[in-house]
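To start, the structure itself, in structure tokens.
Rule-based calculations on the coordinates, nothing more; no lab input. Here the structure is a predicted model, which is why all the values come from computation and not from measurement. Positions of Cβ are backbone-derived with ideal geometry, glycine not excepted, and every protein chain shown enters the neighbour counts.
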Amino acid sequence: MQRTSQKVSMAVIRRLPKYYRYLENLLNKEIYRISSKELSRIMGFTASQIRQDLNCFGGFGQQGYGYNVEELYKEIGKILGLVREYKSIIIGAGNLGQAIANYSDFQRKGFKLDAMFDINPKLIGLKIRDVEIFDLDNLEDYIRENNIEVGIICVPFSKAQETADRLVEGGVKGIWNFAPFDIKVPDNIVIENVHLSESLFTLSYLLNEYNNVEN
Ligand code: NAI
């Protein structure tokens with residue numbers, strides 16, 4: 001597979017994790033080869049959309065053969081950067097922070113959780129799946145001394161920006177933000193927001209639209 005140097009659109013990049021997930025499911029079912037028609041059926045993308053997406057990276061698949069699932073899975077994993085470890089920390093060890101820490105699949109995919117930080121003295125010193133919760137006071141030093149690349153923000157929204165500022169000051173390269181706040185970071189820092197309520201409100205809209213059509 002040849003990588004192209006052209007800039008790939010964000011829309012394509014947003015679809016890649018979905019390809020990755022479906023291909024992993026196929027591999028778990030020991031399916032190693034799939035036609036473009038079948039892949040398009042299970043994913044809900046047209047075959048031409050899939051071809052176009054994958055052509056951005058030089059193309060995969062062969063006429064008359066379809067896609068080699070394992071090869072495609074590995075290549076998309078490489079494109080997504082899931083081939084190395086990212087040392088990560090969680091700030092805010094409450095309900096959501098602990099739920100993320102307990103979800104081991106992120107670690108299996110390379111996001112190694114090194115530590116958690118909180119301001120609540122009752123939480124400091126506890127461990128979630130062997131990962132210790134530290135006092136926030138030591139945040140910047142910890143990031144520097146341990147080469148932490150990713151900060152995961154799970155603090156209340158009123159503390160989100162100051163938490164991000166401290167993560168940046170410490171030297172993280174990327175932030176995964178769960179707080180419902182549009183954090184500002186310098187251009188050299190990558191930020192990915194997960195606003196669960198936006199997704200929930202979309203569901204609410206669709207439920208109402210569906211009910212209106214039904215009635
Ligand atoms: P929580 O109240 O259970 O946990 C927040 C934790 O942050 C607490 O342990 C608190 O001591 C700590 N904290 C407060 N200020 C801090 C600071 N400056 N530095 C470090 N730690 C600090 O709240 P929860 O439910 O875990 O939510 C956390 C964030 O995630 C919120 O912004 C919330 O809106 C967002 N969120 C939560 C969801 C959920 O399902 N729980 C879903 C989507 C978003």
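Considering each residue of the stretch 181-215, count those that are surrounded by fewer than 14 Cβ atoms within 10 Å (Cβ to Cβ), of a type in the set (A, V, I, L, M, F, W, C), under 28 Å from A99 (Cα atoms) and more than 10 Å from the ligand (Cβ to nearest atom), and give that number.
Result for the stretch 181-215: 5.
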Can you name every residue in the stretch 167-180 that is more than 7 Å from the ligand (Cβ to nearest atom) and either crowded, with 17+ Cβ neighbours inside 10 Å or under 14 Å from the mean Cα position of the chain (by Cα) (or both)? L167, V168, G170, V172, G174, I175, W176, N177
Out of the stretch 123-148, which residues are of a type in the set (D, E) and either touching a helix residue (DSSP H, G or I) at 6+ places or on another chain (Cβ under 9 Å) or part of a helix (DSSP H, G or I) (or both)? D137, E140, D141, E145
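Quick grid of which residues meet (1) buried (at least 17 other Cβ atoms within 10 Å of the Cβ); (2) over 27 Å from R108 (Cα atoms):
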{"site": "N25", "(1), (2)": "no, no"}
{"site": "E30", "(1), (2)": "no, no"}
{"site": "I34", "(1), (2)": "yes, no"}
{"site": "R41", "(1), (2)": "no, yes"}
{"site": "S48", "(1), (2)": "no, yes"}
{"site": "R51", "(1), (2)": "no, yes"}
{"site": "L54", "(1), (2)": "yes, no"}
List pairs: first in the stretch 71-96 and more than 22 Å from N28 (Cα to Cα) and touching a residue at least 60 places away in the same chain (Cβ under 8 Å), second among the basic types (K, R) and within 16 Å of the ligand (Cβ to nearest atom), Cβ under 9 Å, 6+ apart or cross-chain? I91/K159; I91/R166; G92/K159
Hits in the stretch 6-21 (condition: hydrophobic (A, V, I, L, M, F, W, C), surrounded by 10 or more Cβ atoms within 10 Å (Cβ to Cβ) and farther than 15 Å from L39 by Cα): V8, V12, I13
Flag if G77 is within 30 Å of I148 (Cα to Cα) and either touching a Gly at 6+ places or on another chain (Cβ under 6 Å) or outside any loop (DSSP other than H, G, I, E, B) (or both): yes
Are there any pairs, at least 6 apart or on different chains, whose C-beta atoms fall under 7 Å, with the first in the stretch 179-199 and touching a residue at least 24 places away in the same chain (Cβ under 8 Å) and the second among the aromatic types (F, W, Y), and if so, which? A179/F157; F181/F157
So in the stretch 139-166, with the set limited to residues that are farther than 18 Å from V185 by Cβ and touching a strand residue (DSSP E or B) at 6+ places or on another chain (Cβ under 8 Å), which one is nearest to the ligand (Cβ to nearest atom)? Y142
The stretch 72-98 - residue that is under 21 Å from F178 (Cα atoms) and touching a Pro at 6+ places or on another chain (Cβ under 9 Å) and, of those, surrounded by the most Cβ atoms within 10 Å (Cβ to Cβ): G92
